[in-house]
Amino acid sequence: MAIVENQPLTRKSIAVWDIGVRLFHWSLVTSVTLSYFVISPRDMHKFFGYTVVALITFRLIWGIIGPKHARFSNFIPGPRKLLGYLRDIARGVEERYIGHNPAGAAMIVALLLVLGAIGTTGYMMSMDAYFGEEWVEDLHKSLVNGLLALVAFHLAGVALASRRHRENLVAAMVTGQKPEDVD
């Protein structure tokens, strides 16, 4: 059978990202963005910050009890696997993963840790014991700058993996579906 020109090829897809992971992801993007840009009034900034902390708490629980691709035990790599994957990226021969790849998994851990630290220092600034302590505010701001760098690396990694593996990872985080294969 001949392939008709201009006819789109269909690819079989597989459900990967459940609704909990997708709602967490986009709610986190929204809350972090709003907390970054809405510094005043202070109560709104705090609200978005506390929302981020609540979302992180949800994700930590979901990472234990959620479905296969949401569980940390399914995708957190050891150091050797992560370094090997990064080496393969540099050579352009990295393996495609249906769920999180080792670099993406390491990024998730880094983002959750930094966001947790930002939430902690934000809360500390509201406590009497740390009120007016400049180092707490400086640390909070430094962590936010670190977060911006991580987000830039995350977006670059998503773009690179999408291009190399010929799949739209942003669309996958919206629909929950990824191509089963990329042949």
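Bear in mind these aren't lab numbers, they're just calculated from the coordinates by the rules spelled out. In this text, all values refer to a predicted model and were calculated from it rather than measured experimentally. Neighbour counts run over all protein chains shown; Cβ positions are idealised from the backbone, glycine included.
Structure values in brief
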read-out: Nearest 10 degrees, 0 to 90: helix 19-37 Cα axis against the chain principal axis; value: 50 degrees
read-out: Percent RCO, i.e. relative contact order, over the chain, from Cα pairs under 8 Å lying at least 6 residues apart; value: 29 percent
read-out: Degrees between helix 42-65 axis and first principal axis of the chain (Cα, 0 to 90, nearest 10); value: 50 degrees
read-out: Estimated FRET transfer efficiency (Tyr130, Ala152; beta-carbon r; R0 35 Å; 0.05); value: 0.75
read-out: Degrees separating the helix 79-91 axis from the principal Cα axis of the chain, which is the longest one; value: 60 degrees
read-out: Under DSSP loop assignment and at most 15 Cβ neighbours within 10 Å, longest trypsin sites (Lys or Arg not before Pro)-free interval of the chain; value: 97-165
read-out: Distant-in-sequence amide H partners of Ile14 (H built 1.01 Å from N, under 5 Å); value: Lys178, Glu180
read-out: Label assignment, volume of the Cα convex hull per residue in Å³ derived from the structure, set (1) 194; (2) 149; (3) 213; value: (2)
read-out: Restraint check, Lys46/Lys68; Lys68/Lys178; Lys12/Lys68, Cα-Cα greater than 22 Å; value: Lys46/Lys68
